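The values are calculated or read from the model by the stated rules, or taken from the named source; none is laboratory data. These numbers were taken from a predicted model, which means no experiment stands behind them. Ideal geometry is used to build each Cβ from the backbone, glycine not excepted, and the neighbour counts take in all protein chains shown.
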Amino acid sequence: MTAPTDPQPILRVTEVRKHYGPVQALDGVSLDVSRGEVVCLIGPSGSGKSTLLRTLNALEPIDGGQVVFDGIDVHARQTDLRRVRQRMGMVFQNFELFPHLSVLGNVVVGPRQILKRPLEEAEHQARELLGKVGLADKARMRPAELSGGQQQRVAIARALAMRPDMMLFDEPTSALDPETIGEVLSVMKRLADEGMTMVVVTHEMTFAARVADRVAVFDRGRIIEVGPPQQIFEAATAARTRDFLRHLDWDGASDLMS
Amino acid sequence: MIFDFTFLPGFWRFLLGGVLVTLWLSLASIGVGLMVGLAVGILRTYGGRAMDAVLSVYVDTMRSIPLLVILVWLFFAMPLVTGRSLTPLAAGIIGLGLHLGGFVAEVVRAGLASVRAGQMRAALALGMSVSQAIRVVILPQALIRMMPALGSLLVITIKDSAIASVIAAPELLYKSQVVIGKTYRPVETFTIALVVYFLLSWPVARGVDYLYRRVAHLGAS
Amino acid sequence: MTFDWSVIVQNWPLLLQGAGVTIALALVTMVIAVPGGLLLTLMRGSPRAPVRGLATAFVEFFRSTPLMLQVYWVFYVLPMLTDVQVDAFAAGLTALACNVSAFNSETFRSGINSIRPGQRQAALALGMTGLQAMRLIILPQAVHRVLPALANTWVSLFKDTSLVSIIAVSELSYVGLQLRSQTFRVLEVLTAMAVLYWLMGYPQAKIADWIHRTCKVTE
Ligand SMILES: Nc1ncnc2c1ncn2[C@@H]1O[C@H](COP(=O)(O)OP(=O)(O)OP(=O)(O)O)[C@@H](O)[C@H]1O
Ligand SMILES: [Mg+2]
């Protein structure tokens, strides 16, 4: 559409299809993501946003199409999947912190066990990252002792500890109390400002409008519209996009733009 | 290895009789076990501290003495105390039932505990007596949650009934041994017995699993 | 009716020896059946259908038939299948170990299934292997559910060792039943045997209860 095609996107999704029994969760989805770009996926519940995200790091196998990450065909048989996953951080709606490990343990476990970094180095980096998400003082606590917003920030730190080239977020604030949503979004905004490549499934339209370089609208397993936030929020071409936004009581993003 | 089942036509009626006794022994034991276990479970929960302490000794004794030892003691030793002997089948039913009762009691107790305390208070506030509240309000809720665990005890009892062969209760395993004594075909006979026991307990076990999945959501209160 | 408890005193060493064999049998069985159960659990999760089928059949068979019959069956059939002469102890141990492995496998499986799938996904998304996810993330969490069930299995196993008396393994029950027919002091011998089991089993039941309580608190 409007975005100029990047000759070398870090992620190229081509005609991906995926069904669960009779449900066609992804019905030919294509999307390019450039280095440093933030793409927000929006759309009604059940439209396939989470499914797409999980196919990007092959947590879900696909029925057809292709996902190419930095030149690697993710779903090819010979691909070293673990290497791909190490380079794509993922943040879940329900945090999925490991409850039997401390906050620090959660951030350390990847570098220690997967990358085989020395403990001191891993812990040092983990403390830095916890500082970055504003939780330096919580290192010794258990995940269950933290608020939802704090847990999600730990989850972000855990993903960053692998030094990923790209981050995937699946509705990172949907399970949070309203008062803690902001702290997570601001961490994400900072990450975007630092140039991290991000794909974010979200219902936070304000965040999408402010932070996204492009917004992709899902409906029934397809992307029906992609474009910069202004275009999607102010001048959507697809009727279903306008329906969806009206349903969310989206009253225009003019005050957020500029 | 050569299997030889040619003896079977002469003995299948005899073995079938054993199957029927196994079923009867299991069902009767479950009847005894349910009555004992229900009473013990309720008394432990609502009967006060002293009652709980005394009955916990019964439950833990059943958990710590092997069924084989219980059966052998009831059949061989107890008559020397009471002066009255039991038939193998009666000793089997009493022993299996009492043993099972200890386990049923634990299931009942856990089931009763799973019903929120507010339910009892609500029932009492309506003016019910404690026993009414248990019967009308608490037990019906608890029973649903106890079903899967009681179902597994059913399977366990069918299998445990084979232990009554040591006191010559004429159930399937005992009758298999009799057949072996006459035919000297232990492998074939025991294999038949295995298959029969499997056919008796496996469907029950699967049924219990099915029930458990159906009922699991009711457990969440 | 007169009782003569001296028979117990005289044969005390024999009874103790039987109790020792009982304890050893239970211990060795569990030492085999914990890795055995884990192996069966892994096999049941295998992507290969024959491996899965074999493990499932094994587990269903040993869970759905009487242990006493399994003991007989192993005792008579194993020598025919393998042409090696197994002694009674080995046969009894084999039957017990197979039986308890099957039950342990169920315990492990339901413990693992109780951890929500997101945990595994999160571990894989970090780049862990399936085995790493199992070892570092899922098993440590499943322990709280597995330990109490294992404790129950242990308490049952301790009693179930009595069933190998039918093939003349000289554990406590066998010793007791032999003494009974040699001395004719039926009541005394059988009572002493029951009391010995009680003395050993009662504390175990209490410890199992304690494990149940401890694991609940940390959950
Ligand atoms: N594991 C699964 N098994 C079966 N069906 C699934 C599974 N995961 C997703 N689906 C189905 O696929 C479709 C797309 O689901 P998906 O979770 O991707 O939607 P979504 O856009 O993320 O919705 P939401 O906003 O509710 O998270 C839905 O119809 C859903 O029911
Ligand atoms: Mg979703």
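For the residues C:Ala33, C:Ala57, C:Ala24, the requirement of being away from every other protein chain (no Cβ under 14 Å) and surrounded by fewer than 19 Cβ atoms within 10 Å (Cβ to Cβ) singles out C:Ala24.
Within the stretch B:1-16, identify whether any single residue is closer than 26 Å to B:Leu98 by Cβ, within 14 Å of another protein chain (Cβ to nearest Cβ) and surrounded by fewer than 19 Cβ atoms within 10 Å (Cβ to Cβ), and answer yes or no. Walk me through how you get there before you give the answer.
As a first pass, look at the stretch B:1-16 and keep what is closer than 26 Å to B:Leu98 by Cβ: none.
Within the stretch B:1-16, not a single residue is closer than 26 Å to B:Leu98 by Cβ, within 14 Å of another protein chain (Cβ to nearest Cβ) and surrounded by fewer than 19 Cβ atoms within 10 Å (Cβ to Cβ).
Considering only the stretch A:82-102, how many residues are of a type outside the set (Lys, Arg), away from ligand 2 (no atom under 16 Å from the Cβ) and within 18 Å of the chain's Cα centre (by Cα)? Residues in the stretch A:82-102 being of a type outside the set (Lys, Arg), away from ligand 2 (no atom under 16 Å from the Cβ) and within 18 Å of the chain's Cα centre (by Cα): 5 in total.
A quick yes/no check of all residues on (1) within 29 Å of C:Trp198 (Cβ to Cβ); (2) within 20 Å of the chain's Cα centre (by Cα):
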{"position": "C:Met30", "(1), (2)": "yes, yes"}
{"position": "C:Leu42", "(1), (2)": "no, yes"}
{"position": "C:Met80", "(1), (2)": "no, no"}
{"position": "C:Ala88", "(1), (2)": "yes, yes"}
{"position": "C:Ala91", "(1), (2)": "yes, yes"}
{"position": "C:Ser105", "(1), (2)": "no, yes"}
{"position": "C:Arg109", "(1), (2)": "no, yes"}
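Residues in the stretch B:192-204 that are at the interface with chain C (Cβ under 7 Å from one of its Cβ atoms) and not aliphatic (A, V, I, L, M): B:Tyr197, B:Phe198, B:Ser201, B:Trp202. Taking the listed residues C:Leu96, C:Leu177, the one that is surrounded by 21 or more Cβ atoms within 10 Å (Cβ to Cβ), under 22 Å from the mean Cα position of the chain (by Cα) and away from chain A (no Cβ under 13 Å) is C:Leu96, with no other qualifying.
With C:Phe158, C:Phe184 as the choices, which residue is away from chain A (no Cβ under 14 Å) and more than 16 Å from the chain's Cα centre (by Cα)?
Working: C:Phe158 fails: more than 16 Å from the chain's Cα centre (by Cα).
Exactly one of C:Phe158, C:Phe184 is away from chain A (no Cβ under 14 Å) and more than 16 Å from the chain's Cα centre (by Cα), namely C:Phe184.
Of the numbered criteria (1) crowded, with 22+ Cβ neighbours inside 10 Å; (2) within 16 Å of ligand 2 (Cβ to nearest atom), the one A:Gly46 fails is (1).
Quick check, is C:Leu131 more than 13 Å from chain B (Cβ to nearest Cβ), in a helix (DSSP H, G or I) and not β-branched (Val, Ile, Thr)? The answer is yes for C:Leu131. Of all residues in the stretch A:201-247, those satisfying the criterion of being among the charged types (D, E, K, R), within 15 Å of ligand 1 (Cβ to nearest atom) and not in a strand (DSSP E or B) are A:Glu204, A:Arg220, A:Arg240.
Considering B:Thr22, B:Thr61, B:Thr45, which residue is closer than 20 Å to C:Asn152 by Cβ and part of a helix (DSSP H, G or I)? Don't jump to the end; show me each part of the working.
On the way: B:Thr22 fails: closer than 20 Å to C:Asn152 by Cβ; B:Thr45 fails: closer than 20 Å to C:Asn152 by Cβ.
Among B:Thr22, B:Thr61, B:Thr45, only B:Thr61 is closer than 20 Å to C:Asn152 by Cβ and part of a helix (DSSP H, G or I).
Show the residue pairs that are 6+ apart or on different chains and have beta-carbon atoms under 7 Å apart, the first residue being within the stretch A:28-46 and on the phi > 0 side of the Ramachandran plot, the second being within 14 Å of ligand 1 (Cβ to nearest atom) and among the basic types (Lys, Arg). Once the first residue is on the phi > 0 side of the Ramachandran plot and sits in the stretch A:28-46, its partners that are within 14 Å of ligand 1 (Cβ to nearest atom) and among the basic types (Lys, Arg) give A:Gly28/A:Arg17; A:Gly28/A:Arg222; A:Gly43/A:Lys49. From the list A:Ala58, A:Ala3, the one residue that fits, being more than 16 Å from ligand 2 (Cβ to nearest atom), on the phi > 0 side of the Ramachandran plot and either at pLDDT below 95 or in contact with a Pro (Cβ under 9 Å, 6 or more places away or on another chain) (or both), is A:Ala58. Residues in the stretch B:72-82 that are at the interface with another protein chain (Cβ under 8 Å from one of its Cβ atoms) and not aliphatic (A, V, I, L, M): B:Trp73, B:Phe76.
Checked against the criterion of being more than 12 Å from the chain's Cα centre (by Cα) and under 23 Å from A:Gly131 (Cα atoms), the candidates A:Val217, A:Val187, A:Val226 yield just one match: A:Val187. When A:Leu26, A:Leu53, A:Leu41 are checked against the criterion of being within 14 Å of chain C (Cβ to nearest Cβ) and within 13 Å of ligand 2 (Cβ to nearest atom), A:Leu53 stands alone in meeting it.
Do we have any residue at all in the stretch A:127-135 that's within 16 Å of ligand 2 (Cβ to nearest atom) and of a type outside the set (A, V, I, L, M)? Don't jump to the end; show me each part of the working.
Here is the first cut: in the stretch A:127-135, the residues within 16 Å of ligand 2 (Cβ to nearest atom) are none.
No; the residues of the stretch A:127-135 include none that is within 16 Å of ligand 2 (Cβ to nearest atom) and of a type outside the set (A, V, I, L, M).
Among residues of the stretch C:190-214 that are within 9 Å of chain B (Cβ to nearest Cβ), those with a beta-carbon under 7 Å from a residue that is outside any helix (DSSP H, G or I) and among the β-branched types (Val, Ile, Thr) at least six positions away or on a different chain give the pairs C:Ala194/B:Ile65; C:Tyr197/B:Ile65; C:Trp198/B:Ile65; C:Gly201/B:Ile65.
Pick from A:Val38, A:Val103, A:Val67, A:Val33: which is within 16 Å of ligand 1 (Cβ to nearest atom), at pLDDT 95 or above and among the β-branched types (Val, Ile, Thr)? Working first, answer last.
On the way: A:Val38 fails: within 16 Å of ligand 1 (Cβ to nearest atom); A:Val103 fails: within 16 Å of ligand 1 (Cβ to nearest atom); A:Val33 fails: within 16 Å of ligand 1 (Cβ to nearest atom).
The conditions single out A:Val67.
Starting from residues that are surrounded by fewer than 18 Cβ atoms within 10 Å (Cβ to Cβ) and part of a helix (DSSP H, G or I), keep the ones in the stretch C:111-126 and report whichever is nearest to the other protein chains (Cβ to nearest Cβ). Of everything passing the filter in the stretch C:111-126, C:Gly118 is nearest to the other protein chains (Cβ to nearest Cβ). Among the numbered conditions (1) surrounded by fewer than 18 Cβ atoms within 10 Å (Cβ to Cβ); (2) at the interface with chain A (Cβ under 10 Å from one of its Cβ atoms); (3) out of contact with any Phe, Trp or Tyr (no Cβ under 9 Å at 6 or more places or on another chain), the only one that C:Ile138 does not meet is (1).
The residues of the stretch A:156-200 that are within 16 Å of ligand 2 (Cβ to nearest atom), within 14 Å of chain C (Cβ to nearest Cβ) and touching a strand residue (DSSP E or B) at 6+ places or on another chain (Cβ under 6 Å), listed by number, are A:Leu168, A:Phe169, A:Asp170, A:Glu171, A:Pro172, A:Val199.
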